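Visitor: Below is one structure. I have some questions about it.
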Amino acid sequence: MLVCLAFLLSFNSFSQNAQNYTLGPGDKIEIKVFGQPDLDVTALLGNSGKVNYPFLGKVKLAGLNTSQVEQIIIRGLQPDYLVNPNVYAQVTQYRPFYIHGEVNNPGAYPYQPAMTVNQAIALGGGLTERASIDKIYIFKEQTKEQQIRGSLNSQIAAGDTIKIEQRLF
């Protein structure tokens with residue numbers, strides 16, 4: 001019973017983070033309309049942040065979450081094309097985050113909702129011998145020039161860049 005409760009709480013947290021996720025270039029999204037396979041679209045968002053959707057043309061999805069995408073598609077299809085469309089949108093592939101500095105394998109890695117710096121370091125092959133856990137900096141995707149001081153428990157977002165600096169000794 002306790003294990004089941006813990007699973008449900010962690011799933012709810014994951015689901016909540018996924019719902020609040022803001023789409024951006026590099027994300028792959030899937031949109032489905034129940035009973036209308038011709039309206040199902042899977043697309044990779046390019047720099048424009050738009051996808052070409054049947055009947056609606058180019059629809060800007062960057063900056064929206066999946067619930068907002070569903071509402072835009074529903075409003076676009078009602079009432080001219082479908083009476084009461086049942087639309088579902090989900091991110092099938094998140095844009096990567098980047099990690100460099102004192103990690104064994106710096107580079108771009110797939111992002112997952114609710115990811116922390118510690119988890120990102122694990123994907124990057126762990127810290128080098130010279131790494132400083134006190135000198136962790138996060139550059140947010142929207143403000144690449146501005147660095148934020150981070151810790152192992154800091155949450156990151158898709159598109160963020162993590163820099164791990166050297167310690168003195």
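The values are calculated or read from the model by the stated rules, or taken from the named source; none is laboratory data. Predicted model only: the values in this text are computed from it and were never measured. Counting neighbours? That spans all protein chains shown, and the Cβs are built from the backbone with ideal geometry, glycine included. Surface areas here come from the heavy atoms of the whole protein model, side chains and all, with no ligands, DNA or RNA. Shrake-Rupley method; radii C 1.70, N 1.55, O 1.52, S 1.80 Å.
Visitor: Could you list, in sequence order, the residues of the stretch 47-59 that are surrounded by 12 or more Cβ atoms within 10 Å (Cβ to Cβ) and in a loop (DSSP other than H, G, I, E, B)?
Guide: Gly49, Pro54, Phe55, Leu56
Visitor: Another question about this same structure. Tally the residues that are in a loop (DSSP other than H, G, I, E, B) and under 30 Å from Thr66 (Cβ atoms), restricting the search to the stretch 106-130.
Guide: Total satisfying the criteria: 7.
Visitor: Ok, one more. On the basis of being among the hydrophobic types (A, V, I, L, M, F, W, C), open to solvent by 20 Å² or more (accessible area, probe 1.4 Å) and closer than 23 Å to Ala158 by Cβ, does Leu44 make the cut?
Guide: yes
Visitor: Exactly one condition in (1) in contact with a helix residue (DSSP H, G or I) (Cβ under 8 Å, 6 or more places away or on another chain); (2) in contact (Cβ under 8 Å) with a residue 60 or more places away in the chain; (3) not charged (D, E, K, R) is not met by Ser154; state its number.
Guide: The one condition Ser154 does not meet is (2).
Visitor: Here's a follow-up. For the stretch 60-105, what are the residues that are farther than 21 Å from Asp27 by Cα, part of a loop (DSSP other than H, G, I, E, B) and open to solvent by 40 Å² or more (accessible area, probe 1.4 Å)?
Guide: Of everything in the stretch 60-105, those that are farther than 21 Å from Asp27 by Cα, part of a loop (DSSP other than H, G, I, E, B) and open to solvent by 40 Å² or more (accessible area, probe 1.4 Å) turn out to be Gln78, Pro79, Asp80, Tyr81, Val83, Asn84, Asn86, Asn104, Asn105.
Visitor: Further question on the same structure: Could you tell me whether any residue of the stretch 28-39 is at positive phi, in a loop (DSSP other than H, G, I, E, B) and assigned by the TED database to the domain that holds Lys140?
Guide: Within the stretch 28-39, not a single residue is at positive phi, in a loop (DSSP other than H, G, I, E, B) and assigned by the TED database to the domain that holds Lys140.
Visitor: Select from the stretch 108-123 the residues that are farther than 20 Å from Leu23 by Cβ and either hydrophobic (A, V, I, L, M, F, W, C) or open to solvent by less than 30 Å² (accessible area, probe 1.4 Å) (or both) and list them in ascending order.
Guide: Thr116, Val117, Ala120, Ile121, Ala122, Leu123, listed by residue number.
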